[in-house]
Amino acid sequence: MTALVRPAARAGGVRPSPLAEAISAGLRPGVVPLTVGSPAPELQPTEALGEALARVHRDVGAAALGYGPPEGHPELRAMIAERSAERGTPCRADDVIVTNGSQQALDLVGRMLLEPGSAVVVERPTYLGAIEAFRQYETEFVPVGMDEDGMRTDELERVLAADAGRRIRLIYTMPNYHNPTGRTLSAERRVRLVELAQRYAVPVVEDDAYAELGFDPVHRPTLAGLDDSGLVLALGSMSKVLSPGLRVGWAVARGPFHRILSGLKERSDLLSALAPQLAVVDLCRDGGLDAHLARVVPRYRERRDAMAAAVDRHLGAAVARTEPAGGFYLWLSFRSGLDTRELFARAVRGGVAFLPGGPFHVDGTGAGTLRLGYAGAGPELIDEGVRRLAAAAGEHRLA
Ligand code: PMP
């Protein structure tokens with residue numbers, strides 16, 4: 001950039017994602033991509049989406065290629081409302097704002113609630129895309145620890161009680177199949193989290209991008225379903241269940257939050273593309289989405305099983321791992337404290353890529369952790385990838 005061009009202070013610190021190198025290493029031929037955070041090509045409904053787009057083009061024509069309502073196509077909003085209600089989030093079509101992926105919804109929520117001097121509570125670790133979206137608004141982060149039952153609500157309570165200056169404006173959480181750990185918030189903690197949010201009047205983002213990708217039949221209440229005060233903003237996405245390139249995500253918001261978010265959405269990009277929205281409606285209607293899920297979820301479960309078994313076989317007691325009940329990710333912590341950024345270069349030379357865990361932490365911790373994704377490779381390749389990882393780590397089964 002020439003010396004004459006001066007970016008705004010807010011933008012001057014923007015750097016490429018700290019995981020860009022890891023993600024591109026996962027795309028190299030011969031490298032097992034345990035980096036992947038989206039559905040494998042064979043688990044996307046590519047053909048059905050192509051047919052749906054063709055029908056939209058034929059039946060709707062130019063109306064699908066023009067401007068439309070900023071909050072999204074009414075049929076899609078109605079479908080999202082119906083599915084949300086089935087999962088326990090009371091929702092009318094009018095509550096839904098369709099966004100350009102749920103990533104845009106994170107950005108808009110940040111714009112609505114965060115500013116210099118504010119703070120946002122996140123899990124330690126948390127989704128890197130949320131850290132980066134919120135960081136743009138010059139906010140601070142307050143990490144809250146996790147265990148196998150998700151965010152530690154006792155710690156959350158301490159953090160909220162200590163916030164005498166009321167700087168905390170938002171609690172960001174992924175209750176189901178968390179990215180990057182795969183953990184799920186227990187039913188009791190969901191109740192507790194909503195009680196605390198209400199007591200301290202702090203809005204909550206319930207980021208549920210993986211909601212429909214559960215392997216166990218256990219039904220846990222949604223945070224938005226437990227809340228009767230309009231404090232919970234529920235975010236969803238078609239990226240993990242169908243295809244990320246559709247860029248179909250949404251926010252469910254009521255009252256003043258709805259009005260502000262929909263105004264910010266319109267100011268940001270007028271509206272999200274209508275043709276993908278209509279193709280999603282076409283594909284999902286008459287049980288189409290359930291049929292697709294019935295095909296892919298067992299495949300993800302197989303991959304989860306293969307990865308968990310491979311970690312136990314090849315790394316054994318050298319690591320602690322999570323036990324994801326859905327979603328795409330398994331999280332490892334090396335007991336020796338091995339630095340996974342250093343491990344990364346050796347692993348790629350050995351033919352496997354993963355995401356080092358440090359960037360998912362807002363407090364500089366997590367050097368000994370890493371994220372493995374099982375969505376992008378079949379069971380055999382997963383086993384081979386984990387074997388290569390163990391070889392690169394030079395750690396042997398201790399048990
Ligand atoms: N939230 C979470 C937890 C995610 O993992 C992702 C994708 N990695 C997103 C939001 C954003 O997804 P999209 O914008 O494609 O809907």
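The values are calculated or read from the model by the stated rules, or taken from the named source; none is laboratory data. Every value quoted in this text rests on a predicted model; they were computed, and no experiment measured them. As a convention, Cβ positions derive from the backbone with ideal geometry for all residues, glycine included, and neighbour counts pool all protein chains shown.
Okay, here's what the table says:
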{"read-out": "Yes/no for residue 54 being surrounded by 20 or more Cβ atoms within 10 Å (Cβ to Cβ), part of a helix (DSSP H, G or I) and either of a type in the set (Gly, Ala, Ser) or more than 16 Å from the ligand (Cβ to nearest atom) (or both)", "value": "no"}
{"read-out": "Residue ranges of helices (runs of 4 or more DSSP H) in the range 192-284 with at least 2 members in contact with a His (Cβ under 9 Å, 6 or more places away or on another chain)", "value": "274-284"}
{"read-out": "Which numbered condition residue 126 misses (of (1) away from the ligand (no atom under 15 Å from the Cβ); (2) within 16 Å of the chain's Cα centre (by Cα); (3) not basic (Lys, Arg))", "value": "(1)"}
{"read-out": "Failed criterion for residue 231 (all others in (1) under 13 Å from residue 100 (Cβ atoms); (2) in contact with a helix residue (DSSP H, G or I) (Cβ under 7 Å, 6 or more places away or on another chain) hold)", "value": "(1)"}
{"read-out": "Residue in the range 91-114 that is nearest to the ligand (Cβ to nearest atom), counting only those that are in a helix (DSSP H, G or I) and touching a Lys or Arg at 6+ places or on another chain (Cβ under 7 Å)", "value": "101"}
{"read-out": "Residue 169, sole failed condition from (1) farther than 25 Å from residue 357 by Cβ; (2) within 11 Å of the ligand (Cβ to nearest atom); (3) not hydrophobic (A, V, I, L, M, F, W, C)", "value": "(2)"}
{"read-out": "The range 227-277, subset free of Cβ contacts under 8 Å to residues at least 60 places away in the same chain and either among the β-branched types (Val, Ile, Thr) or at positive phi (or both), residue surrounded by the most Cβ atoms within 10 Å (Cβ to Cβ)", "value": "232"}
{"read-out": "Residue tally, condition part of a helix (DSSP H, G or I) and more than 11 Å from the ligand (Cβ to nearest atom), over the range 133-156", "value": "6"}
{"read-out": "Which listed residue, of 88, 117, is in contact with a Ser or Thr (Cβ under 7 Å, 6 or more places away or on another chain) and part of a loop (DSSP other than H, G, I, E, B)", "value": "88"}
{"read-out": "Selection within the range 4-21 - part of a helix (DSSP H, G or I) and at pLDDT below 85", "value": "9, 10, 12"}
